[in-house]
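What follows is one structure encoded as structure tokens, with my remarks underneath.
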Amino acid sequence: MDFAYSPKVRELQERLTEFMDRYIYPNEERFHEEVAKGDRWQPTALIEELKEKAKAAKLWNLFLPDSEYGAGLTNLEYAPLCEIMGRVLWAPEVFNCSAPDTGNMEVLVRYGTKEQKKQWLEPLLEGKIRSAFAMTEPDVASSDATNIQSSIVRDGDHYVINGRKWWTSGAPDPRCKILIFMGKTDPRNPDKYKQQSMILVPKDTPGVRVVRTLPVFGYDDAPHGHAEVVFENVRVPVTNILLGEGRGFEIAQGRLGPGRIHHCMRQIGQAERALEKLCKRVKSRVAFGKPIAEQTVTLERIAEARIMIEQARLLTLKAAYMMDTVGNKAARAEIAMIKVVAPNITSKIIDWAIQAHGAGGVSADFGLAEAYAHSRTLRLADGPDEVHRNQIGRLELRKYN
């Protein structure tokens, strides 16, 4: 495995870093000020302005490996770029590389019909609309997706959809125009992995109702957010089904593999940013007669943070390399491993950075509290740690059959 970055990737890294230095970091305060003013659920002027600059700089749709629609980068090539974007929580949207849109676009690229791509993929690729993914349900343990109870029932030329979803990221955003919904079309199928299907549901369809937004540790993530959504006798054409009835799990695996590793790439960026803030803080503060940077506990934490980041980055690159060379299925152990590792090490490093900032660390002044809330959430999103650990354990035991 050769993880040396190609000249193309190094050039993109330089351009992306320059863009972040010029437009993203100086505007972090402005972003939060715009969100706080007026209706929190309206798109910020800043993001829309920077999208045009990213397009002009040809730093747009950098994801989508092996696709005519993206930048033609492999997962391994995209990883260091995703890390740079991930250093600021809202930055990926500027480059049209933010969840859940990236995963939904990958679904449409892989499994959508020509008509579905024309209607929904193209405006998503252009950044004109946003999307949501409706899978998790409040009434069942959604870590086991076979528990899903929402129904998709054929009625002539339509499907009738009923169910209650939550943590539907992006649903509160007024730019969200389409949801990918997972429900059961064949609940009696003896194969529990062929009971579910995925279907496209326009957000303005009668019967779709956003019940409430769901804050994360008090952060509502406006104007994007997460929502509880009710689907009550929602009727959509049969042509909205993705890939066919009973193919929901197949689509989910195709979608969640890249999505999980993208989260991990961004987490490496968050970990690096937290370590930077930690180091700058401890060099500027004196306690008990000497700089905090010289305290043994501080040096140990800085060293451990650097070790953990390097380990996590290498595992992320290995997973990306395997996805490119042997496919997502063969790389499932590596994807599961990094999905456990990245949010855990990032949460730990952010926690140490918070400690180094004292009371300021838990305030909104340094961005650490929000970053911690986000990283802690990722230990549940796209499958909890326990599910991934179980998968890793089972795959390890198979070697000894």
- Taking the condition part of a helix (DSSP H, G or I) and in contact (Cβ under 8 Å) with a residue 60 or more places away in the chain, does H357 pass? yes
- Query: Is at least one residue of the stretch 266-275 under 23 Å from the mean Cα position of the chain (by Cα), among the polar types (S, T, N, Q), in a helix (DSSP H, G or I) and buried (at least 17 other Cβ atoms within 10 Å of the Cβ)?
  - Reply: yes
- Query: Restricting the stretch 360-373 to residues that are in contact with a Lys or Arg (Cβ under 9 Å, 6 or more places away or on another chain) and touching a residue at least 40 places away in the same chain (Cβ under 8 Å), which is surrounded by the fewest Cβ atoms within 10 Å (Cβ to Cβ)?
  - Reply: F366
- Task: Please go through the stretch 170-191 and pick out each residue that is among the charged types (D, E, K, R) and either at pLDDT below 95 or assigned to a strand (DSSP E or B) (or both).
- Result: K177, K184
- Task: Taking the options R285, R273, R266, R247, name whichever one is over 27 Å from T44 (Cβ atoms) and at pLDDT 95 or above.
- Result: R247
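Table: residues versus (1) within 25 Å of N390 (Cβ to Cβ); (2) of a type outside the set (K, R); (3) surrounded by 22 or more Cβ atoms within 10 Å (Cβ to Cβ); (4) touching a strand residue (DSSP E or B) at 6+ places or on another chain (Cβ under 9 Å).
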| residue | (1), (2), (3), (4) |
| --- | --- |
| T296 | no, yes, no, no |
| R301 | no, no, no, no |
| A336 | yes, yes, yes, no |
| S375 | yes, yes, yes, no |
- Message: Is it the case, given these coordinates, that L16 is aliphatic (A, V, I, L, M), farther than 26 Å from G225 by Cβ and at pLDDT below 95?
- Response: no
- Message: For the list (1) surrounded by fewer than 18 Cβ atoms within 10 Å (Cβ to Cβ); (2) touching a His at 6+ places or on another chain (Cβ under 9 Å); (3) not basic (K, R), I need the number of the one condition that E232 fails.
- Response: (2)
- Task: Of the numbered conditions (1) touching a strand residue (DSSP E or B) at 6+ places or on another chain (Cβ under 8 Å); (2) of a type in the set (F, W, Y); (3) more than 30 Å from T185 (Cα to Cα), F231 fails exactly one; give the number of that condition.
- Result: (3)
- Spot the failing condition for E250; the list is (1) among the charged types (D, E, K, R); (2) in a helix (DSSP H, G or I); (3) in contact (Cβ under 8 Å) with a residue 60 or more places away in the chain, and only one is missed. (3)
- Which pairs have Cβ atoms under 9 Å, sit 6 or more apart or on different chains, and link a residue in the stretch 121-142 that is closer than 24 Å to N61 by Cβ and part of a helix (DSSP H, G or I) to one that is at pLDDT 95 or above and basic (K, R)? E122/K128; P123/K177; L124/R130; L124/K177
- Query: In the stretch 313-337, how many residues are farther than 14 Å from L395 by Cβ and among the basic types (K, R)?
  - Reply: 2
- Which one of V282, V297 is in the same structural domain as I392 (by TED's automatic domain parsing) and touching a residue at least 40 places away in the same chain (Cβ under 8 Å)? V282
- Could you list, in sequence order, the residues of the stretch 69-91 that are within 19 Å of I335 (Cβ to Cβ) and either among the acidic types (D, E) or within 13 Å of the chain's Cα centre (by Cα) (or both)? E77, C82, E83, G86
- Message: Report every pair of residues separated by at least 6 positions or lying on different chains whose Cβ atoms are under 7 Å apart, first residue within the stretch 185-214 and under 25 Å from L124 (Cα atoms) and outside the structural domain of N240 (by TED's automatic domain parsing), second charged (D, E, K, R) and assigned to a loop (DSSP other than H, G, I, E, B).
- Response: none
- Task: Could you please give the count of residues in the stretch 303-330 that are of a type outside the set (A, V, I, L, M), surrounded by fewer than 19 Cβ atoms within 10 Å (Cβ to Cβ) and in a loop (DSSP other than H, G, I, E, B)?
- Result: 2
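The values are calculated or read from the model by the stated rules, or taken from the named source; none is laboratory data. What you are looking at is a predicted structure, and each value in this text was computed from that prediction instead of being measured. Counting neighbours? That spans all protein chains shown, and the Cβs are built from the backbone with ideal geometry, glycine included.
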